[in-house]
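Notes to accompany the following structure.
None of the figures in this text is laboratory data; all of them are computed from the coordinates on show. These figures come from a predicted structure and were not determined experimentally. Here the Cβ positions follow ideal geometry from the backbone for every residue, glycine too, while neighbour counts run over all protein chains shown.
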Amino acid sequence: MNAHPIVIGYDASDGAKAALRWALDEAARAGTQITLLFAFEWPAVPSTVAPVATSRPDQGAREDAQKMLDAAILEAFQTHPRVLVTGTVADGSAAILLRERSREARLLVLGSRGHGGFTGLLVGSTTVAVSAHAHCPVVVVRGEQERPEGPVVVGVDGSACALLAVEYAFAQASARGTVLRVVRAWTPIASRRQLPGYSPEEQAGAERVEVDELLADGRSRYPQVEVGIDIVAGPPGRVMVDASREAQLVVVGSRGHGGFGGLLLGSVSQQLLHHAHCPVAVVRELPSAAD
């Protein structure tokens, strides 16, 4: 069994349950185990030395949390008996705990909405913080329905994170036995700014040549994966959200070209976390020995 587990931020919400269902299938494919993590966070007040917690969960609350995890583990065993699932109750910030666990994880998986220690995972700061700082890919499980026959979609722009996303996407398409759809969004030059002899068709062709070069290594490592390339004129965020409509998984780097250098999570990644129609994998780093 793979030594790197899949770690799930779990709180028994509908989003967390969807994340666990998705992760069980992933763990079965990868031959790895799952760790459920429940985070106890409590309010703090400032002091002259450091913030001081106003209250801590009592023993009864901890026992309830453990019972919740035990129930999830039992349910997981009933559908995926060959996947080892364990659970941990920990004190602290959900984002910090997940980031630390990511150092030894194969993958972090989060639901689109949570409660308790994972409240507002999608629309708040936790998902952004985890995706921006994790040491392994982060999958946020979104979408109204599963599309097991759909392609794996990856967005590329030539950035370092996009190259990691391509590597991860090839591996996912191979494991799932599906097509890899590579999407490159580009913005044509406005007509009044066009240089003499400028041709949108030639520009699109140049974009395709560049994408082909980016895919050379992946194609040699995964020759069995069928690859399709779509060069689409339009804003990258909108293009990727549209591409997610028929996908079973969409993959993107945590940061791409453009935007503001100080932002740790790119605008395309954030748009997908909010609006994608399928699970989203955000790749900042790939774990060592994840194969």
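In terms of modelled amide H atoms, which long-range or inter-chain residues lie less than 5 Å from the amide H of I229? Distant-sequence amide H within range of I229: V182. Here S269, S254 are placed in order of increasing Cβ neighbour count within 10 Å, fewest first, which gives S254, S269. Once the chain from A233 to T88 is taken as fully extended at 0.36 nm per residue, the excess over their C-alpha distance is 47.6 nm. When T127, T79 are sorted by how many other C-beta atoms sit within 10 angstrom of their C-beta, beginning with the fewest, the order is T79, T127. Here each label is just a point 7 Å from Cα along the line to Cβ, and for D242 and A3 those points are 4.6 nm apart.
Principal axis extents of the Cα atoms in region 130-183, from largest to smallest and rounded to whole angstrom, are 30, 22, 18.
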